[in-house]
Amino acid sequence: MGKWRVMNKGMVLHRMHELLEGHFGDLGWWPADTPFEMIIGAVLTQNTAWRNVETAIKNLKECGLMDIEKIEREEPSHLAAVIRSSGYHRVKSAKLQELSRYLIAECGGDLKKMEARDMKDLRCGLLGVKGVGPETADSILLYAFGKPVFVASAYAKRVFSRHRLIDEDSPYDLVQTFVHENFDGTTKRFNQLHAFLVETGKKFCKKKRALCGECPLGGLARGPKERNHHGHC
């Protein structure tokens with residue numbers, strides 16, 4: 001029975017990807033001109049809407065600050081003011097400077113050298129930077145360095161738990177492990193899956209009200225005990 005459940009969940013996960021790809025198509029994540037811009041976006045997007053991040057990135061570019069060494073040397077109060085639109089601007093300013101110092105120390109700011117490193121070593125190093133948590137580290141690995149890793153966002157956790165693939169209170173690492181063990185992931189497929197789940201969470205599988213009748217996953221086959229879980233789907 002346990003083996004059947006694991007296989008069944010893997011099939012459901014692949015079917016999810018199939019349905020969401022059919023609905024959304026290629027979402028073109030992550031919109032950025034350079035890997036460093038992706039790194040900045042991964043920090044700034046925490047606890048805010050992407051439109052606020054876009055404003056902050058635009059301000060950084062206009063101020064000539066889309067550069068690792070310039071970010072590291074910038075006056076903290078000015079950097080914070082430039083990214084104010086992203087929210088928690090003082091905290092995020094400090095994170096950006098810590099990350100820039102780390103990248104300069106590790107590779108002289110040459111991100112191609114970082115990209116060539118082993119993914120586990122890269123992740124460990126990023127998690128050692130003050131203020132960088134698993135989701136931010138994995139976003140950087142996936143989008144800036146092109147590593148095949150799943151970003152276990154809160155949206156992914158919500159969608160998975162409502163389809164009885166994981167428990168509601170599952171920690172980040174468990175959600176990520178579930179996907180890594182049950183999904184044939186390449187960098188592109190992990191990119192797409194993450195993007196699809198974020199969009200699904202924002203538009204359909206909302207925190208307070210799930211719009212299952214409109215959701216592309218509304219017709220996803222589930223066992224009889226899995227229907228109407230917590231009033232959703």
Per-residue ³J(HN,Hα) for the stretch 211-219, Karplus 6.51 cos²θ - 1.76 cosθ + 1.60, θ = phi - 60°, Hz, x for Gly and Pro: 8, 5, x, 9, 6, x, 9, x, x
Exposure proxy order (Cβ contacts within 10 Å, fewest to most) of HIS180, HIS89: HIS180, HIS89
Burial ordering of LEU141, LEU27, fewest other beta-carbon atoms within 10 Å first: LEU27, LEU141
Those residues of the stretch 21-48 whose amide nitrogen sits under 16 Å from the label point placed on ALA94, 7 Å along Cα→Cβ: 44
Least to most buried among LEU197, LEU127, LEU165 (fewest other Cβ within 10 Å first): LEU127, LEU165, LEU197
Hits among lysines - C-alpha to C-alpha of LYS70 under 21 Å, sequence gap 8 or more where chains match: LYS58, LYS61, LYS92, LYS95, LYS112, LYS113, LYS130
Per-residue HN-Hα couplings for the stretch 70-86 [Karplus 6.51, -1.76, 1.60; θ = phi - 60°; Hz; x = Gly/Pro]: 5, 4, 4, 8, 5, 4, x, 5, 6, 4, 4, 5, 5, 9, 3, 4, 7
The stretch 133-215: GluC sites (Glu not before Pro) in DSSP loop, at most 16 other beta carbons within 10 Å: GLU168, GLU214
Residue-averaged [θ]222 nm for the chain, counting only DSSP H segments that reach four residues, each worth -39500 (n - 2.57): -17500 deg cm²/dmol
Whole-number D in µm² s⁻¹ for the stretch 35-144, Kirkwood Cα-pair radius fed into Stokes-Einstein, 25 °C, 0.890 mPa s: 179 µm²/s
Integer Hz, Karplus 6.51/-1.76/1.60 couplings in order for the stretch 190-197, x for Gly and Pro: 5, 4, 5, 4, 4, 4, 4, 5
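Every number in this text was worked out from the coordinates using simple rules, so none of it is lab data. Computed from a predicted structure; not experimentally measured. Please note: Cβ atoms are built from the backbone with ideal geometry, for glycine as well, and neighbour counts cover all protein chains shown.
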